[in-house]
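A short worksheet on the structure shown next.
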Amino acid sequence: MPPVLRFDNVCKQYPGGHVALQDVSFSVDAGEMLFVTGHSGAGKSTLLRLIHLSERPNRGAVLFGERNLLKVRGSRVAMHRREVGVVYQDHRLLADRSVHDNVALPLVLRGMRRGEAGRRVRPVLERLGLGARGNALPGALSAGEQQRVGIARAVVAEPRLLVADEPTGNLDPTLAAEIMALFASLPEQGTSVLVASHDLGLVKRMRKRVLVLDHGQLADDIAPEDLADE
Ligand SMILES: Nc1ncnc2c1ncn2[C@@H]1O[C@H](COP(=O)(O)OP(=O)(O)OP(=O)(O)O)[C@@H](O)[C@H]1O
């Protein structure tokens, strides 16, 4: 099976001359979960933006399965994004829609009938411990619950890859560990997971592969068995 994602010598320079990624190469297998870590400004968010096509590389190639993302333009950008779930630190939920409707949104936007969308949403809410919260508005939920709604929305359409940018940045350590455990359960459902986090302690405790970025360069690619004990 080809990798889900492959970066080949990717360089990204922002207008103004700032080099955010230099010659970055790695690949992600189907069903793999891994982290990307590094200091502030190391290039973590940029790497994720190249995957969901919010940015384009200046050199090198990003491959999603067999798809060369350099060649994805116009209406095909939206089609690509359907296969990549995204979780944000601030979860970006719609405040005036219920939990159920927020999670159903990606399905409704692609034309699924509300009844069918509801049948898909309910088991996802159950799995993420939100079964009783479907009718609540996001503002009535705790921070951890809100982030779980963000994850439910990202996985409801069964993406091949989920990317998350500092998804536990606003959470206390116990909730952060809970959310990370949730991510770790996703590969069993067939979704590969790539999480950007600067919290090295939390990352190490998860015992997954870790990519380390340093000033835009891939400084290390650590296998789980090589992670030092905390
Ligand atoms: N839109 C942009 N325009 C110009 N420079 C940018 C832009 N976005 C990021 N950069 C620069 O590129 C570098 C990498 O930024 P990036 O946001 O990818 O790092 P990061 O590792 O995610 O940092 P943080 O942990 O602080 O979010 C930084 O020096 C940043 O200032």
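The values are calculated or read from the model by the stated rules, or taken from the named source; none is laboratory data. Treat the numbers as computed from the prediction; the structure is a model and nothing was measured. Glycine also receives a Cβ, built like all others from the backbone with ideal geometry; neighbour counts cover every protein chain displayed.
Tabulated data
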| item | result |
| --- | --- |
| The stretch 5-27, subset surrounded by fewer than 22 Cβ atoms within 10 Å (Cβ to Cβ) and within 19 Å of the chain's Cα centre (by Cα), residue nearest to the ligand (Cβ to nearest atom) | PHE26 |
| Count of residues meeting criterion [out of contact with any Asp or Glu (no Cβ under 9 Å at 6 or more places or on another chain) and not in a strand (DSSP E or B)] in the stretch 23-42 | 5 |
| Candidates GLU158, GLU145 - the one that is closer than 27 Å to LEU50 by Cβ and at pLDDT below 95 | GLU158 |
| Strands (runs of 3 or more DSSP E) contained entirely in the stretch 137-230, each with at least 2 residues that are among the charged types (D, E, K, R) | 209-214, 217-222 |
| When residues of the stretch 169-198 are limited to those that are acidic (Asp, Glu) and under 18 Å from ALA143 (Cα atoms), the one farthest from the ligand (Cβ to nearest atom) | GLU178 |
| Test result for ALA196, under 14 Å from MET33 (Cα atoms) and assigned by TED's automatic domain parsing to the domain that holds GLY17 | yes |
| Test: residue in the stretch 82-96 that is more than 16 Å from the ligand (Cβ to nearest atom) and assigned to a helix (DSSP H, G or I) | no |
